[in-house]
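Working notes for the structure below.
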Amino acid sequence: MNLQNTAILGLQWGDEGKGKIVNYMAGDFGAACRYQGGHNAGHTLIVKDRKIILHLLPSSICHQNSLSLIGKGVVISYEALFSEIEEIGEHTSGIVERLKISPACSLIQPYHQLIDLKKEKSNSQKTIGTTLRGIGPAYEDKVGRRAIRVVDTLSEGQLKPVLEETLDYYNFIIEKYFNEKPLSLIELMDQNLSFGEKIKPMLADVSLLIKKLNAEGKKVLFEGAQGALLDIDQGTYPFVTSSNCSPTGIAAGAGCGPLDVENILGVVKAYVTRVGEGPMPTEIFDDIGEHIALTGGEVGATTGRPRRCGWFDAVLMKRIIETNSIQGLCLTKIDVLDGLDEIKVCKEYDDSSGLFLGECMNLENVSPVYETLPGWDRPTKSINSFSELPSEAKTFISYIEEVCGAPIKIVSTGPDDLSTIVR
């Protein structure tokens, strides 16, 4: 097989099944690299019939012959990181030896989580529907050049001055604006230095490690968190995440060159889901929506919140595919549509606003125009050969390819690796 450095990215509002696809492919790669986001991600894997949910670790973590990299574009909660390492350690060994983390990663601190919670619960601020894990405020600090990075926690002399300055800023907000007790500098110093000592064996120059792997003939699988419609620049702003989860974030977040990513695969569900607030033109509000949610197990892996369900939106997908150099699609959860009499696909919008719909993602006032396709009564679940699919399912797949302008290279018919069709 002629492998290339490959990116696996969600093209909708997250929860497309990226984790399964990365885990399925990772064994052939020298490493898999997370390049953005934090522990607000939720990737569900089925490994040896066991369900494993990852939030921060790359989805390659259970592959003994593949490194797992966390690039500098990721924001890390030390508590979440080590809790997840301990939990996943029950399913696989050698995590510390295979997990390599950039010391340039910014850290999520207790004040970030407090601010996140207060802002989301405030009546004076727009509710975005965040995971309340401090991701947004941590990225704000990174852009504001007051972030505490992993490298700062390796010595008291480096940590103290930056933490003092940042904590002065936050304690002023915590006391004066939210009427809460200030956080203790000494306690935060001790916590960060303790974690800094613990993370040392896992630190590496991830940027150079990617180059080294390529020089050895090993390829890297880049794994995005969330989905392109939640990208801070390309998504449905302001109801987006705080980072570039589309391909634009790979070079900066992983520390490689833009041309180092040779192949980009987009993961899409056979329908769409969304957690939290924000527009969703094809949302289904009747019993079919409830059926899809129940059959698909549409509950957030990280938050436990129910996901809103809608018909496949080819308008948004076509734009994301065109603006992100997507070379092929991985279609997941087609089995969730088993048994439906008809299946709808949004092929265009009825929009009279003229407000730069695509560039600004102004979706509040659009109405979907649907193509209605026949459903299938023979189950697709666990099928791993394209020829065995019902003819109506093949027609559905072909229509998605036609209207989106991209080939479907992988079809997932269930959560485990065996339920996969590679075309």
Candidates per GluC sites (Glu not before Pro) in segment 154-207, loop by DSSP, up to 15 other Cβ within 10 Å: 180
Grab every C-alpha pair in segment 267-422, bin the distances at 5 angstrom width from 0 up to the longest one, and report whole percents. 2, 9, 18, 22, 21, 17, 8, 3, 1, 0
Residue 215 to residue 388: extension gain in nm, 0.36 nm per residue of separation minus the Cα-Cα distance? 58.2 nm
Choose one of 238, 207, 184: the residue whose Cα lies farthest towards the positive end of the charge dipole of segment 176-240 (beta-carbon charges +1 Lys, Arg; -1 Asp, Glu; about the Cα centre). 207
Please give me, ordered by residue number, the GluC sites (Glu not before Pro) of segment 352-423 that lie in loop per DSSP and have at most 15 other Cβ atoms within 10 Å. 364
Just flag the trypsin sites (Lys or Arg not before Pro) in segment 1-53 sitting in loop per DSSP whose Cβ has no more than 14 other Cβ atoms within 10 Å. 48
So, counting K/R as plus one and D/E as minus one, what does the shell of residues with Cβ under 12 Å around residue 56 add up to? -2
For segment 375-418, restrict the atom set to alpha-carbon positions and state the Rg and Dmax in Å. 10.8, 28
Taking amide H positions as placed in the peptide plane 1.01 Å from N, state which residues far from residue 382 in sequence (5 or more) or on other chains have amide H under 5 Å from it. 413, 414
MRE, 222 nm, helices only [DSSP H, n ≥ 4, -39500 (n - 2.57), over the chain, to nearest 500]: -8500 deg cm²/dmol
Computed over the Cα atoms, what is the radius of gyration of segment 106-199 divided by 2.2 N^0.38 Å, N being its residue count? 1.09
Could you grab the relative contact order for the chain? Cα pairs under 8 Å, six or more apart, rounded to a whole percent. 19
Defining a contact as two alpha carbons under 8 Å apart and six or more residues distant in sequence, what relative contact order in percent does segment 267-422 show? 25
Can you list the lysines whose alpha carbon is less than 20 Å from that of residue 198, not counting same-chain residues fewer than 8 positions off? 72, 100, 160
Scaled radius of gyration (Cα, divided by 2.2 N^0.38 Å) that segment 1-129 gives: 1.14
Provide the FRET efficiency to the nearest 0.05 for the residue 290-residue 198 pair, computing r from the beta carbons and using R0 = 60 Å. 0.85
The chain - share of DSSP beta bridges that are antiparallel (%, nearest 5): 40
What is the angle, in °, between the Cα long axis of helix 314-323 and the longest principal axis of the Cα atoms in the chain? Nearest 10 is fine, range 0 to 90. 50
For segment 380-393, just list the computed ³J(HN,Hα) in residue order, Karplus coefficients 6.51, -1.76 and 1.60, θ = phi - 60°, integers in Hz, with x standing in for Gly and Pro. 9, 4, 6, 5, 10, 9, 4, 5, 8, 5, x, 4, 5, 5
Percent antiparallel among DSSP beta bridges confined to segment 267-422, rounded to 5, stands at 65
How fast does the chain diffuse by Stokes-Einstein, in µm²/s, taking the Kirkwood radius from C-alpha pairs at 25 °C and 0.890 mPa s? 111
Mean Cβ-within-10 Å packing, highest first, puts peptides 271-277, 59-65 in the order 271-277, 59-65
Using a simple charge model, +1 on the beta-carbon of Lys and Arg, -1 on the beta-carbon of Asp and Glu, nothing else, what dipole does the chain show about its Cα centre, in debye to the nearest 20? 920
For segment 15-25, 3J(HN,Hα) per residue [Karplus equation, 6.51 cos²θ - 1.76 cosθ + 1.60, θ = phi - 60°, Hz, x = Gly/Pro]: 6, 7, x, 4, x, 4, 5, 5, 4, 5, 9
Evaluate the relative contact order of segment 74-192 (contact order divided by residue number), counting alpha-carbon pairs under 8 angstrom at least 6 apart; express in whole percent. 22
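No lab work stands behind these numbers, since they all come straight from the coordinates. All values reported here derive from a predicted model rather than from experimental measurement. Glycine also receives a Cβ, built like all others from the backbone with ideal geometry; neighbour counts cover every protein chain displayed.
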